[in-house]
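Read the figures in this text as sums done on the coordinates, not as results from a lab. Nothing here was measured: the structure is a model prediction, and the numbers come from that model. Every residue, glycine among them, receives a Cβ derived from its backbone with ideal geometry; neighbour counts consider all protein chains shown.
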Amino acid sequence: MVFTSHIFVFYFLPLTLAVYYLLPDRTGPRNAWLLVASYVFYGWWNPWFTALMLAVTAINHAGGTVIARPGAAERSRKAALVLAVASSLGLLVFFKYAGFLQVNLNHLLGAFGADGVRVWSIVLPVGISFYVFQALSYTVDVYRREAPPARTFADFACYIALFPQMIAGPIVRYGSVALALRERHCGVSLFASGTVLFMLGFAKKVLLANPIGGAADAAFGAAAPGAGVAWAGVVAYALQIYFDFSGYSDMAVGLGRMFGFEFIKNFDAPYRADSIADFWRRWHISLSTFLRDYLYIPLGGNRRGPVRTYANLAIVMLLGGLWHGANWTFVAWGAYHGILLIAERAAGRAPAWRALPRPLRVAATFVLVLGSWVWFRAETLADAAAYFTAMAGCGVPADARSAVLAAQVFEPGRLVPMAVAGLLLISRRQAHEWSAAVTWPKALVAFAVFLVALAAMAAQAFNPFLYFQF
């Protein structure tokens, strides 16, 4: 089940809200109902997926209970932390990376003339990377005494399974919602704000990301696109992935508000960044802060000299790339960003760069980010290299097929959404801020856009969520 489906919009969400607000105004019954609804939502893809999520939940709840036990010795606390972290990461590695590791092991064995191993075919559970990271953040924060232990197993299970953000984030820290899990009230203003934000995120996904994605798919799927088509294709993909993922995040935050929760803002105009470091302060904020707090800083951050800092940046970005998928293209994407971050750190406050007008710095940063999206979108490293060749104008000479491809990429049904998306990118007010205080004119505008998006949803056959694969 996805947010942009008639089952969710017309059946699941109204029923879940109706029962939720008919229950007594106490968190116990309402958390229990949210837990049931969230497991139904998650099990819609495959009921067996719920068993894995329940296992991750039980492991980390047990670990947190041992860690937070009064008078617990440091040795037992550390043992519980290591066991919970190792078990959760072990499940993530098995389901997400086992096949990738086996294939690469076979390549290595073949290079030495040895027989390969059998490659398992393992179904990747939807959203496993997100809820495993969320569960791990709880256990680590309880160990650090930065978050209280969960009051009950049901509360903790509700936190892990909460359907608005379970599948594709944002990654929510337990400490940020611990109070709301114990006591929360959703007034009219908060509910209205959440509803408007959900409708705007829905429209971003359906009216912008989906049609723009068609242009990106046409360009990246071509055997030999010309330079103009190749550049248009990567720009289209940059717009698609931003409006797809930020649209989902807006819907998730909006749904959270409708149930009395406030989640972290996950995007802050990332394409207005004027450096790669600034980009990572604005893009997928919940993941970048997770990697900073649970990986970069524990590795030593920037406190142990420049060489160690560069190494830490490289490790974090390589693992961040691999987190996105079991493919060398994601490793290359992480390495690309790591190299750029290291170069920026080594240059320090480069006077020549800072002397440039900010629009030029933003434009240059955007071009560098476009380069990273080629690695992210390509199926293989060879495909990425071929696409860079096409962008450089060194591909196959244009022929009749090139004209057909250009017509597909530049068709009005895709160019118009791209133009609208471009205007929204330079807008000073984002959906998150625009929906904070709802007035009747704002509500009417959001509702009108939502109705158009509903009509478009009914006519669309192409409706993927890009980050569901992670």
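Simple rule: put +1 on each Lys or Arg Cβ and -1 on each Asp or Glu Cβ in the range 17-91, find the dipole, and look at 61, 51, 28; the Cα lying farthest toward the positive end is 61. Taking packing as the residue-averaged number of other Cβ atoms within 10 angstrom, the listed peptides 210-216, 13-19 run from highest to lowest as 210-216, 13-19.
Residue exposure proxy: 394, 186, ordered by other Cβ atoms within 10 angstrom of their Cβ from fewest to most, comes out as 394, 186.
Please report, in debye to the nearest 20, how large the charge dipole of the range 1-108 is about its Cα centre when each Lys and Arg carries +1 at its beta carbon and each Asp and Glu carries -1 there. Don't skip to the end; give the middle numbers.
Details: 7 positive and 2 negative charges, 66 e Å.
About 320 debye.
Basic side chains Lys and Arg get +1 at the Cβ, acidic Asp and Glu get -1 at the Cβ, and with that the dipole of the chain about its Cα centre reaches some 1300 debye.
Within the chain, which complete DSSP H helices have Cα atoms spanning at least 24 Å along the helix axis and a mean Kyte-Doolittle hydropathy of 1.6 or higher?
Working: long enough: 49-68 (29 Å, 1.45); 74-111 (47 Å, 0.82); 227-258 (46 Å, 0.80); 306-324 (27 Å, 0.90); 328-347 (28 Å, 0.84); 358-377 (28 Å, 0.93); 440-459 (29 Å, 1.97).
Both cut-offs are met by 440-459.
Grab the Cα-Cα distance for residue 447 and residue 104, subtract it from 0.36 nm times how many residues apart they are, and report the gain in nm with one decimal. Can you show the working numbers first?
Numbers: separation 343, 0.36 × 343 = 123.48 nm, distance 5.02 nm.
Difference between extended and current length: 118.5 nm.
Each peptide in 52-62, 115-125 was scored by the mean count of other Cβ atoms within 10 Å over its residues; highest first, the order is 52-62, 115-125.
How large is the helix-only mean residue ellipticity at 222 nm for the chain, computed as the sum of -39500 (n - 2.57) over DSSP H runs with n ≥ 4, divided by its residue count, in deg cm²/dmol to the nearest 500? Walk me through the numbers on the way to the answer.
Values: 22 runs with 320 residues, N = 470.
Using -39500 (n - 2.57) per qualifying helix, the result is -22000 deg cm²/dmol.
Going from the residue with the fewest nearby Cβ atoms within 10 Å to the one with the most, 6, 432 rank 6, 432. Quick one: longest stretch of the chain between exposed loop GluC sites (Glu not before Pro), exposed meaning at most 13 other C-beta atoms within 10 Å and loop per DSSP? For GluC sites (Glu not before Pro) (loop position, at most 13 other Cβ atoms within 10 Å), the longest site-free span of the chain is 184-378.
Let me spell out the model: positive unit charges on the Cβ of Lys and Arg, negative unit charges on the Cβ of Asp and Glu, origin at the Cα centre of the range 6-185. What dipole size does that give, in debye rounded to 20?
Details: 14 positive and 7 negative charges, 83 e Å.
Here the range 6-185 has a charge dipole of around 400 debye.
Sites listed here are trypsin sites (Lys or Arg not before Pro) in the range 279-370 whose DSSP assignment is loop and whose Cβ has at most 10 other Cβ atoms within 10 Å: 303, 349.
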